[in-house]
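For reference, the structure is listed below as structure tokens.
Values quoted throughout were computed directly from the atomic coordinates according to the rules given, and no laboratory measurement underlies them. These numbers come from a predicted model, not from an experiment. Glycine gets a Cβ as well: all are built from the backbone with ideal geometry, and neighbour counts include every protein chain shown.
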Amino acid sequence: MVDLKQIAEDLTKGKAPEVKELVQKAVDEGGDVEKILNEGILAGMSVVGDRFKKNEIYVPEVLIAAKAMKQAMEVLQPFLTEKDTKRKGKIVLGTVKGDLHDIGKNLVGMMLEGAGFEVIDLGVNVAPEKFIQVAKEKSADCAGLSALLTTTMPAMKQMINSLNKSALKGDLKVIIGGAPVTQDYADEIGADGYAPNAASAVDVVKELLAKF
Ligand code: B1M
């Protein structure tokens with residue numbers, strides 16, 4: 001029987017082929033898909049998140065681990081859909097209008113996926129109305145906005161203003177982040193949450209969506 005701890009351990013080291021092979025083997029052995037996800041893949045990503053938060057590892061290591069997670073998820077995905085495994089919540093994520101920086105946003109998305117959330121990545125240069133439109137269509141619980149330019153930060157405020165005028169007001173939580181963004185700015189524009197890095201974004205979203 002595949003040791004799920006081994007999957008977690010290999011994932012923290014970014015050993016993509018080994019992780020994928022072990023996950024496939026665990027599935028072939030008839031293992032519980034949810035258990036493989038939670039005790040193997042997500043347990044590994046949780047360790048990666050903690051180490052990143054403590055500055056024990058850096059962006060490249062996280063990206064390598066996240067790549068291993070993505071490959072392993074390809075094996076599990078068909079079974080997860082089939083079993084309709086309950087995800088922790090749905091997040092529409094994007095870099096705001098006028099801004100093309102996506103490395104940090106992608107990292108946030110990977111960490112959220114690693115923590116068991118469903119992420120709908122809208123990419124870069126996302127208009128305020130687009131976040132709201134897709135959140136409505138997909139019944140998302142949270143919108144994650146990233147900005148790397150001081151000149152694009154006002155697009156976050158525009159999104160919250162539009163949200164407050166929409167039917168989703170109060171239902172869709174908003175978390176913001178990016179190098180020039182601060183907690184003060186989040187408070188000023190009425191965002192529900194702010195996170196300085198990808199690992200803490202997971203904690204903030206968990207808190208915001210505590211009902212799940
Ligand atoms: Co640009 N750029 N850039 N750039 N770029 C910066 C941001 C800049 C600080 C460089 C500088 O001048 N020192 C500066 C902004 C100045 C300012 O406004 N304060 C700048 C500029 C000016 C520009 C252009 C205007 C340059 C030009 O064309 N004259 C232009 C703008 C294009 C546009 O967006 N319209 C531009 C273009 C580019 C590239 C395309 C070349 C490239 C982006 C490639 C890409 O993203 N695919 C690029 C890059 C790479 C950078 C730097 C060097 C690195 C950014 C990065 O990826 N960091 C950056 C300088 C720097 O930071 N040293 C710079 C790594 C990443 C992991 O960190 O994104 O902060 P970060 O994400 C962190 C946290 O912030 C947080 O978690 C992440 C992980 O811990 N986080 C969130 C991010 N989003 C979050 C969302 C959350 C929560 C947390 O919740 C939803």
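Miscellaneous remarks
- Maximal additional length on extending the residue 167-residue 74 stretch stands at 30.0 nm, based on 0.36 nm per residue less the C-alpha distance.
- Karplus-derived HN-Hα couplings along the stretch 103-114 (A = 6.51, B = -1.76, C = 1.60, θ = phi - 60°), whole Hz, x at Gly and Pro: 5, x, 4, 5, 5, 4, x, 5, 5, 5, 4, x
- Relative contact order, percent, the stretch 64-167 [alpha-carbon distance under 8 Å, six or more residues apart]: 33 percent
- Helix axis angle, 154-164 relative to the chain longest principal axis, alpha carbon, degrees: 90 degrees
- Shape of the stretch 104-150, Cα gyration tensor, a/c cut at 1.5: oblate
- Residue-by-residue Karplus 3J(HN,Hα) for the stretch 48-58, coefficients 6.51, -1.76, 1.60, Hz, glycine and proline x: 4, x, 5, 5, 5, 5, 8, 6, 7, 9, 10
- Label-to-label distance, nm, for residues given as residue 67 and residue 53 (7 Å Cα→Cβ offset): 2.6 nm
- Value of Rg/Rh across the stretch 1-85 [Cα atoms, Kirkwood radius]: 0.98
- For the stretch 128-200 and the stretch 52-71, distance of Cα centres in Å: 25 Å
- Too-long pairs where the Cα-Cα distance tops 28 Å, listed order kept, from 15/136; 67/165; 20/105: 15/136; 67/165
- Computed from backbone phi with θ = phi - 60° and the Karplus coefficients 6.51, -1.76 and 1.60, the 3J(HN,Hα) list for the stretch 40-47 is x, 5, 5, 5, x, 5, 5, 5 Hz; x is used for glycine and proline.
- For the stretch 82-212, the fraction of alpha-carbon pairs in successive 5 Å shells from zero, as %: 2, 12, 24, 26, 22, 10, 2, 1, 0
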